[in-house]
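Here is the structure we will look at, set down as structure tokens.
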Amino acid sequence: MTTPPLLDHIRPHTESIVPTMGFEGLSIQRSKYSGQRLAVFTSGGDSSGMMASVRSVVRMGLYVGCKVYLIHEGYQGMVDGGECIREATWNSVSDIIQKGGTIIGSARCKAFREREGRLAACFNLITKNITNLVCIGGDGSLSGANTFRSEYPSLVKELVESNKITEEQAKNNANINIVGLVGSIDNDFCGTDMTIGTDTALQRIIEATDAVTSTAQSHQRAFVIEVMGRHCGYLGLVAALASEADFCFIPEWPPAPNWPEVLCKKLAQQRSHGQRLNIVIVAEGAIDKQGNAISAELVKNTIIEKLNYDTRVTVLGHIQRGGSTSAFDRLLGCRMGAEAVLALMEMDKDSEPCVISIDGNQMVRVPLMKCVLKTQAVQHSMQLRNFEKAVELRGESFQRNLETYRLLTKIKTPKVGDFNGTSYNIAVMNIGAPAGGMNAAVRSFVRMGHHSHCNVFAIHDSFDGLIAGNIEPMSWQSVNNWVSQGGSNLGTRKQAPTEENIKLIAEQMEKFNIHSLLMVGGFEAYQSAIVLNDARKEYSAFRIPICVIPCTISNNIPGTSITLGSDTALNEICSLIGKIKQSANGTKNRVFVIECQGGYCGYLASLSALASGADNAYIFEEKFGIEDIIDDCNVIKKKMETGVKRYLVVKNEKANKNYTTDFVMKLFNEEGKGVFSTRANVLGHAVQGNAPSPFDRNMGTKLAAKAVNHLVHQMKLTVNADTNEKNATSDSTCTLLGLRGRKYEFTPVSDLIKETDFEHRLPLEQWWLKLRPLLRILSKHESCYLIEAEEESDESS
């Protein structure tokens, strides 16, 4: 195993924080670190995803040969010792991945802030020979861990001098290695794109805002919703984007002292446009530019006094911390926990404490104290009322969210016609199967199009609708409340242009004088862009800027690491698997084969299996045969004897044309007679979900906003709206907008052809396949390792 290389570039918003690549996706040797000991604890405020992290730390630790301990009640348990520090087994962390909070407890410990308390903690760790710690908590907890590490040699020396430990114990426990995982719903830690628990907290907030919308509409009420976040406005800002809130108050973007007049003008304007309700989001640390606190109650009273609206306050409070963990936080916890163990095993006495963070879609290690200091610098900027600097320090993602929100909620809606008197006609359509976030993308496209002084048209029912002339001009208000709606309000078809209808499509594009086109959809949208790009030679109507936003639950489109809609589907599958697991728990000795959609792509099957604690996932990308299925039967029999008496297999719908879900179920039933019984569940279209997840709402909003800016820029270069001359002929004017690495990039669809398996509708390279080994490591019972070890020994002999 080689030392992880430095990233080729330093992220702009981390400045001196240089991330180091982790080992995710590399081969991990079993029992490589036999004899090592490590402990994991949770500290500070709880957050959903902590349990996924603890489970991952324990099981990866056991896999590489460590003795693993659970420290109960955070630093307090470390200080108290005794039964608070218990050795973990494989089954200690069974069936916890979906749970919120922390089953090992968390507490704020005054004793640990004093040297005497840290001395007691040091003694308790030494008695167990624990030299490696995983701390899951916020910046305060991580700072405490760093202080503990820096003092550790002197604490050991003091224990020797007081004869509490022997010289040999001191020698074997001279130093402590620290790795941190940031567990916080606030997403206020610099150095990671997301903290564990933030996504789940957003889901709770959006569930609440969606719920109050119906009662608010019924009675024409205004609702003021207070969200958590301390002095960080991330939750409030993203919740405002994902709920179409009319106004939001966050600490980093304080309003002027005349905010009551501005607020009431905006709310009154929305009512004048026919809206029956108003939603205002208030972050708990909100202030105005003079530093005066803005509370939910103050906002409520202002609305009542100035507008006489029936207004209610909803303080979400600790509801945001609880509930079932989102798929994103489960996956984040699994990935970070495993990487934390590997990082600890690579450390020596001179190694700097690090934090495991997510950079784009990569697990990286960043220096702990540099991140803590930068996080504290944000607070310092806020205290100095240097809010622009605070927003800058929050990072590029926060800045993009804020700018998008400001544009989409403008008080004065723009008029068509740009500053030169020219107006472009831009159109949007949905193609493929419905997916969460489609409507959010269309709403953002419409409003950003109007902000760019364009005429915006919506094409209903894909190319069938275009041929039939089913095209509608869209106003700013016509997309009110679209963000929270699942499916496709425009209507969508699984189709691409053909030789038979391409001429009709071109004629309609000419008839409506379309100057640029956005297609939001799945693989068919990508294929359509290729067809339109090739048809430019024959039809001038297609010599316009064209862009695709990949939107499908299957995540099977090249040019992006994640597609719009896949997060909603993952959450839906995890929820359904949770219900199935409950049935298996009650029945005992029950195996479930669960089939999910995705075509040939195993993304949903693999990641839902990892996020739900399933035992295996059968996918098209990893070939399997009858021997593999029978081997699974033997593993199941062993698990029924020694572990949790259930087994879950998630299977992709087109994993194998012969080994169907029904075939696998019947084979399991035959081979498992007298030991276990098997049932099959085909999830079908239920996985498309109902309301889109906050992730998909926010992603759809930002992708469409970026697409409009891109299309407008290209129209100015290639289209003359006065003469209707269209010259967008280069491949760079027909693109797909996707997340590549940690950046959103426009890639010409012609360049993506060589990256595509068109027969199976798959990208040739899929990043998530590197998570498959982690699925096997975290799901297998330790007895299975012995079986495999014996088999390998027999083969070698």
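The values are calculated or read from the model by the stated rules, or taken from the named source; none is laboratory data. Since this is a predicted model, take the numbers as computed values, not measurements. Cβ coordinates were reconstructed from backbone atoms using ideal geometry, including for glycine residues, and neighbour counts include every protein chain displayed.
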Item to check | Answer residue from the stretch 538-556, given it is hydroxyl-bearing (Ser, Thr, Tyr) and out of contact with any Lys or Arg (no Cβ under 6 Å at 6 or more places or on another chain) and is surrounded by the fewest Cβ atoms within 10 Å (Cβ to Cβ) among those | outcome: Tyr539
Checklist entry - Does any residue in the stretch 735-748 that is modelled with pLDDT under 95 and surrounded by fewer than 21 Cβ atoms within 10 Å (Cβ to Cβ) come within less than 8 Å, Cβ to Cβ, of a residue that is assigned to a strand (DSSP E or B) and of a type in the set (Gly, Ala, Ser) six or more places away or on a different chain, and which pairs are these? => result Tyr744/Gly738
Item to check | Considering residues of the stretch 380-389 that are touching a helix residue (DSSP H, G or I) at 6+ places or on another chain (Cβ under 8 Å) and of a type outside the set (Phe, Trp, Tyr) only, the residue surrounded by the fewest Cβ atoms within 10 Å (Cβ to Cβ) | outcome: Lys389
Checklist entry - Would a scan of the stretch 305-324 turn up a residue that is more than 29 Å from Val442 (Cα to Cα), among the basic types (Lys, Arg) and part of a strand (DSSP E or B)? => result yes
Next on the checklist: Which of the strands (runs of 3 or more DSSP E) found entirely inside the stretch 670-751 contain at least 3 residues meeting this: assigned by TED's automatic domain parsing to the domain that holds Tyr526 and farther than 30 Å from Lys639 by Cα?
Outcome noted: 734-740, 743-748
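Conditions (1) among the aliphatic types (A, V, I, L, M); (2) outside any strand (DSSP E or B); (3) at pLDDT below 90; (4) in contact with a Pro (Cβ under 9 Å, 6 or more places away or on another chain), marked per residue:
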{"site": "Lys389", "(1), (2), (3), (4)": "no, yes, no, no"}
{"site": "Ser397", "(1), (2), (3), (4)": "no, yes, yes, no"}
{"site": "Arg406", "(1), (2), (3), (4)": "no, yes, yes, no"}
{"site": "Thr413", "(1), (2), (3), (4)": "no, yes, yes, no"}
{"site": "Phe419", "(1), (2), (3), (4)": "no, yes, yes, no"}
{"site": "Asn430", "(1), (2), (3), (4)": "no, no, no, no"}
Item to check | Residue check, Tyr659 crowded, with 21+ Cβ neighbours inside 10 Å, assigned by TED's automatic domain parsing to the domain that holds Gly598 and aromatic (Phe, Trp, Tyr) | outcome: no
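Sort out which residues of the stretch 308-332 are hydrophobic (A, V, I, L, M, F, W, C), in contact with a strand residue (DSSP E or B) (Cβ under 8 Å, 6 or more places away or on another chain) and surrounded by fewer than 22 Cβ atoms within 10 Å (Cβ to Cβ), and write them in order of number.
If the condition is that a residue be hydrophobic (A, V, I, L, M, F, W, C), in contact with a strand residue (DSSP E or B) (Cβ under 8 Å, 6 or more places away or on another chain) and surrounded by fewer than 22 Cβ atoms within 10 Å (Cβ to Cβ), then Val313, Val315, Leu316 are the ones that fit.
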Next on the checklist: Can you say whether Asp615 is at pLDDT below 95, in contact with a strand residue (DSSP E or B) (Cβ under 7 Å, 6 or more places away or on another chain) and among the acidic types (Asp, Glu), as far as the supplied structure shows?
Outcome noted: yes
Checklist entry - Has the stretch 343-351 got at least one residue that is of a type in the set (A, V, I, L, M) and either assigned by TED's automatic domain parsing to the domain that holds Leu235 or touching a helix residue (DSSP H, G or I) at 6+ places or on another chain (Cβ under 7 Å) (or both)? => result no
Checklist entry - For the stretch 630-660, what are the residues that are part of a loop (DSSP other than H, G, I, E, B), at pLDDT 95 or above and hydrophobic (A, V, I, L, M, F, W, C)? => result Ala655
Checklist entry - For the stretch 356-373, which residues satisfy the criterion of being in contact with a helix residue (DSSP H, G or I) (Cβ under 7 Å, 6 or more places away or on another chain) and either within 24 Å of Ser31 (Cα to Cα) or free of Cβ contacts under 8 Å to residues at least 12 places away in the same chain (or both)? => result Ile356, Met363, Arg365
Checklist entry - Checking Met665 against (1) in a loop (DSSP other than H, G, I, E, B); (2) closer than 21 Å to Cys574 by Cα, which test does it fail? => result (1)
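Under the condition of being touching a Ser or Thr at 6+ places or on another chain (Cβ under 7 Å) and loosely packed, with under 15 Cβ neighbours inside 10 Å, which residue from the stretch 685-727 is nearest to Ile594 (Cα to Cα)?
Selected residue: Asn727.
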Checklist entry - Looking at the stretch 458-501, which of the residues that are assigned to a strand (DSSP E or B) and touching a Gly at 6+ places or on another chain (Cβ under 9 Å) is surrounded by the most Cβ atoms within 10 Å (Cβ to Cβ)? => result Ile459
Checklist entry - Where in the stretch 17-102 are there strands (runs of 3 or more DSSP E), lying wholly inside it, with at least 2 residues that are among the aromatic types (Phe, Trp, Tyr)? => result none
Checklist entry - Right, Ile553: in contact (Cβ under 8 Å) with a residue 40 or more places away in the chain, aliphatic (A, V, I, L, M), under 28 Å from Gly487 (Cβ atoms) and in contact with a strand residue (DSSP E or B) (Cβ under 7 Å, 6 or more places away or on another chain) or not? => result no
Checklist entry - Got a sec? Which of Thr213, Thr195, Thr166, Thr200 is surrounded by fewer than 24 Cβ atoms within 10 Å (Cβ to Cβ) and either in contact (Cβ under 8 Å) with a residue 12 or more places away in the chain or farther than 30 Å from Glu116 by Cβ (or both)? => result Thr213
Checklist entry - Which of the residues belonging to the stretch 647-670 are in contact with a strand residue (DSSP E or B) (Cβ under 6 Å, 6 or more places away or on another chain) and either basic (Lys, Arg) or touching a residue at least 12 places away in the same chain (Cβ under 8 Å) (or both)? => result Tyr647, Leu648, Val649, Val650, Lys651, Glu653, Ala655, Thr661, Val664, Met665, Phe668
Item to check | Unmet requirement for Ala377, which otherwise passes all of (1) surrounded by 20 or more Cβ atoms within 10 Å (Cβ to Cβ); (2) small (Gly, Ala, Ser); (3) farther than 30 Å from Lys265 by Cα | outcome: (1)
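Name every residue in the stretch 122-157 that is in contact with a Gly (Cβ under 8 Å, 6 or more places away or on another chain) and crowded, with 22+ Cβ neighbours inside 10 Å, in order of residue number.
Scanning the stretch 122-157 gives Val134, Cys135, Ile136, Gly137, Gly138, Ser141, Leu142, Ala145.
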Item to check | Failed item in (1) in a helix (DSSP H, G or I); (2) over 23 Å from Asp188 (Cα atoms); (3) in contact with a strand residue (DSSP E or B) (Cβ under 8 Å, 6 or more places away or on another chain), with Leu342 passing the rest | outcome: (3)
Next on the checklist: Looking only at the stretch 557-576, count every residue that is closer than 17 Å to Ala614 by Cα, buried (at least 23 other Cβ atoms within 10 Å of the Cβ) and out of contact with any Leu (no Cβ under 7 Å at 6 or more places or on another chain) and tell me the total.
Outcome noted: 3
Item to check | Matching residues in the stretch 358-383 - criterion: being of a type in the set (A, V, I, L, M, F, W, C) and outside any helix (DSSP H, G or I) | outcome: Ile358, Met363, Val364, Val366
